[in-house]
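Notes for the one structure printed next.
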Amino acid sequence: MIEVRDYSFSYEEDGQPLFDQLTFNLYPNEVTLLMGASGAGKSSLALCLNGLYPDAVEGVASGDIFFHGKNIREFEKGELNQEIGIVFQDPESQFCMITVEDELAFTLENRKIPRSEMKERIPAILQAVGMEGYEKNKIHELSGGQKQKVALAAVLLLEPEMLILDEPTANLDPVSSQEFVELVESIQKERGMSVLIIEHQADDWLELLDRVLVIGNGGQLIADNGPDQLFTNQKQLLEQIGVFLPREYSHQKDLRDLLPESSPSQEKILSVNGLVFSRKRREILKDVSMDIHGGEFVAIIGENGAGKSTLLQLMAGLLTPKRGDVSMSGRSLEKWEENELRRRLGFVFQNPEHQFITDTVYEELTFGMKLNGCTEEEMERAAAERMEQFHLKSHRHSNPFSLSGGQKRRLSVATVLDETPDILLFDEPTFGQDAATTAELMTYIMDLRRKGTAIVFVTHDMDIVDAADRAFVLQHGEMAFAGKPEDLWEKTRLLQEARLTLPSRLRNRSRVGERYDLVH
Ligand SMILES: Nc1ncnc2c1ncn2[C@@H]1O[C@H](COP(=O)(O)OP(=O)(O)OP(=O)(O)O)[C@@H](O)[C@H]1O
Ligand SMILES: Nc1ncnc2c1ncn2[C@@H]1O[C@H](COP(=O)(O)OP(=O)(O)OP(=O)(O)O)[C@@H](O)[C@H]1O
């Protein structure tokens with residue numbers, strides 16, 4: 001279906017090619033996984049395959065890509081998008097209408113589907129992606145996971161011959177993630193589509209995969225193999241470039257056994273008391289209370305739309321509750337002076353782009369230091385160290401918005417690590433990372449915990465939850481559980497209702513092998 005021949009691409013005229021002389025084929029009715037370290041060029045390649053790049057970014061390409069034997073340069077603008085549907089890594093960048101219904105109708109209009117038929121198709125596709133009843137909702141008011149499902153629905157309506165999914169489950173709760181894989185499987189079987197999946201963790205997809213392609217850090221195709229052969233015979237190669245090995249092929253330790261021991265203090269750093277928060281008369285949070293202690297690592301979890309990001313924003317003082325109160329070290333957040341609050345409490349948004357305020361990686365990393373009156377020398381030293389640690393050295397002058405998904409996430413985390421605040425609130429800090437960068441991020445964050453900083457994660461990764469001191473489960477805006485992860489794993493019914501799964505070490509006891517290897 002797709003033939004890639006000696007294809008090279010670079011973002012700048014005389015720039016280093018991102019990938020170099022790639023040659024491979026993609027076949028009809030085949031499910032292929034594309035792996036590679038964060039920043040290796042996977043998303044860029046996907047956008048080249050469906051003809052959006054190089055033109056959309058004024059990049060430079062050489063070599064050829066053929067779709068059913070026809071060079072993709074010969075397709076009319078927009079023509080190939082109907083054949084090769086792509087769900088972007090950041091679904092927000094994909095939408096052009098206000099409501100879910102209008103977005104889907106827009107897609108159907110492009111396919112010249114009559115209005116009468118739309119009435120049936122829209123609810124049906126929303127049901128297929130688990131978003132029934134959301135027709136009238138505004139897209140910007142949906143939770144991160146809900147947006148991802150709408151983006152998939154829109155692309156499926158195009159009935160493409162090939163579907164490219166760029167980290168489609170990164171923002172989905174564990175059960176939605178499994179359901180999403182099943183959904184792709186059933187649609188793929190039913191329509192005989194060719195599917196190309198870009199993911200850092202292959203585990204959930206293993207049964208579906210026919211082939212795995214791996215891009216190395218120099219932009220070459222370094223493996224093209226069946227999943228079993230690849231994960232059995234080419235393990236070392238994959239470990240070298242830092243990608244996750246699926247659990248059943250790996251022999252690393254559990255994350256929870258790798259994190260250093262910690263003993264949280266008795267001191268309450270942040271107290272949430274009887275929080276109630278509504279949007280448009282809908283109660284999003286209902287009487288939520290929790291205390292977080294110094295040096296404690298807690299995870300806030302729950303299904304998509306449960307209210308986790310909203311709670312985190314209230315905890316950071318970015319939203320104001322309708323009732324109830326959040327206090328830091330015994331003093332209500334609104335009584336803190338803004339500067340002092342921001343120095344003691346760090347916050348990382350779910351979407352890193354919402355956090356960027358400058359034009360370069362260097363300025364982003366030193367923005368806070370500059371406000372605090374640091375010298376150029378101090379800033380240079382700190383920024384150099386951070387860029388080295390977070391693999392951003394070659395991106396010093398890059399615009400934060402032009403980074404890869406994983407690089408954006410690392411930059412957003414790096415900007416809050418330049419001091420030792422009392423508490424750090426992270427909304428999904430590890431999504432979009434490969435094995436090596438996940439381990440590095442966790443190492444640096446946990447280093448701050450050792451120094452006494454309380455760490456709060458909103459996350460969908462149950463292996464990270466397993467490593468936390470305490471877990472808080474939000475269900476429809478209410479606190480359904482607060483306690484040790486071990487106790488949560490016993491509550492089968494609650495896990496089901498909150499659309500959570502067990503961590504991988506408990507999911508299949510016969511499989512030894514884990515996914516993380518921390519940096520020491
Ligand atoms: N700006 C907004 N206006 C109206 N409703 C909103 C807005 N932002 C979020 N919501 C709604 O509030 C609810 C909670 O959203 P929130 O983002 O807190 O969920 P979440 O648990 O973080 O979900 P996810 O895991 O998908 O990120 C969702 O039903 C969402 O649709
Ligand atoms: N618009 C752009 N302009 C300049 N450079 C870019 C642009 N988009 C991406 N890049 C750079 O190209 C490289 C590859 O990015 P890409 O998003 O393709 O990587 P990826 O393998 O998908 O990474 P991740 O796993 O982190 O999503 C990165 O170094 C990134 O900074």
Write down the radius of gyration of the chain and its Dmax, each obtained from C-alpha positions, in Å. 22.9, 68
List the residues, sorted by chain then number, that are 5 or more residues from Gly452 or on another chain and whose placed amide H is less than 5 Å from its amide H. none
Once you put a point 7 Å from the Cα of Gln82 and another 7 Å from the Cα of Asn225, both along the Cβ direction, what distance in nm separates them? 4.1 nm
In the chain, with Lys and Arg counted as +1 and Asp and Glu as -1 at Cβ, which of these residues, Pro54, Leu221, Phe347, has the Cα nearest the positive end of the dipole, that is, farthest along it? Phe347
In whole angstrom, the spacing between the Cα centers of the range 222-273 and the range 333-412 equals 26 Å
Taking a spot 7 Å from the Cα of Thr99 along the direction of its beta carbon, which residues of the range 128-152 have an amide N less than 12 Å from it? 134-139
Mind listing which trypsin sites (Lys or Arg not before Pro) in the range 33-100 are in a DSSP loop and have 13 or fewer other Cβ atoms within 10 Å? Lys77
Please give me, ordered by residue number, the trypsin sites (Lys or Arg not before Pro) of the range 121-227 that lie in loop per DSSP and have at most 13 other Cβ atoms within 10 Å. Lys136
Can you work out the PRE-style zone for His68? Point 7 Å along Cα to Cβ, and I want the residues of the range 154-191 with backbone N under 17 Å. 158-164, 191
The range 71-185, dipole about Cα centre (Lys/Arg Cβ +1, Asp/Glu Cβ -1), debye to the nearest 20: 360 debye
State to the nearest 20 debye the size of the charge dipole of the range 266-385 about its Cα centre, where the only charges are +1 on K and R beta carbons and -1 on D and E beta carbons. 1000 debye
Structure-based [θ]222 nm, the chain - -39500 (n - 2.57) summed over DSSP H runs of at least 4, per residue, nearest 500: -9500 deg cm²/dmol
Net lengthening on full extension, Leu506/Ser8 (0.36 nm per residue, minus Cα-Cα): 174.9 nm
The chain, dipole about Cα centre (Lys/Arg Cβ +1, Asp/Glu Cβ -1), debye to the nearest 20: 1420 debye
If I model a spin label as a point 7 Å beyond the Cα along the Cα-Cβ vector, how far apart are those points for Glu207 and Glu120 in nm? 3.1 nm
Heads up, the range 13-78 by the C-alpha gyration tensor (a ≥ b ≥ c square roots of eigenvalues; a/c under 1.5 rounded, else a/b over b/c prolate, else oblate) looks oblate
Glu248 to Ser289: extension gain in nm, 0.36 nm per residue of separation minus the Cα-Cα distance? 10.9 nm
Which one of Ser43, Pro28, Gln16 is farthest out on the positive end of the charge dipole of the range 1-110, using unit charges on Cβ (Lys, Arg +1; Asp, Glu -1) and the Cα centre as origin? Pro28
Built amide H within the under 5 Å cut-off of Ile222, gap 5+: Val214, Ile215, Gly216
How do the peptides 294-306, 268-280, 431-443 rank, highest first, by the average count of neighbouring beta carbon atoms within 10 Å per residue? 294-306, 431-443, 268-280
Share antiparallel - DSSP beta bridges, the chain, percent rounded to 5: 55 percent
Computed lengthening from Glu159 to Arg331, 0.36 nm per intervening residue step minus Cα-Cα distance: 56.4 nm
Along the Cα-to-C-beta direction of Lys235, a point sits 7 Å from the Cα; which residues of the range 427-467 have their amide N less than 19 Å from that point? 435-436
Hey, rough spin-label estimate for Glu261 and Glu141, points 7 angstrom out along Cα→Cβ, what's it come to in nanometres? 5.1 nm
FRET efficiency for Glu380 and Tyr444 from the Cβ-Cβ distance with R0 = 25 Å, rounded to 0.05, comes out at 0.80
The range 2-249: projected area of the alpha-carbon convex hull, averaged over directions, in nm²: 13.1 nm²
Given contacts defined as C-alpha pairs under 8 Å and at least six residues apart, what's the relative contact order of the range 2-249, whole-number percent? 27 percent
Which of the trypsin sites (Lys or Arg not before Pro) across the range 410-513 are loop residues per DSSP, with 11 or fewer other Cβ within 10 Å? Lys451, Arg509
Counting only DSSP beta bridges with both partners in the range 257-507, the antiparallel fraction in percent, to the nearest 5, comes to 55 percent
Residue-wise, which Karplus ³J(HN,Hα) couplings in Hz belong to the range 366-382, taking 6.51 cos²θ - 1.76 cosθ + 1.60, θ = phi - 60°, and x for glycine or proline? 10, 4, x, 5, 4, 4, 7, x, 6, 7, 4, 4, 4, 5, 4, 5, 5
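Since every read-out is calculated from the coordinates, none of them should be taken as a lab result. All values derive from a computational prediction rather than experimental measurement. With ideal geometry, Cβ positions are generated from the backbone for all residues, glycine too; neighbour counts draw on all protein chains shown.
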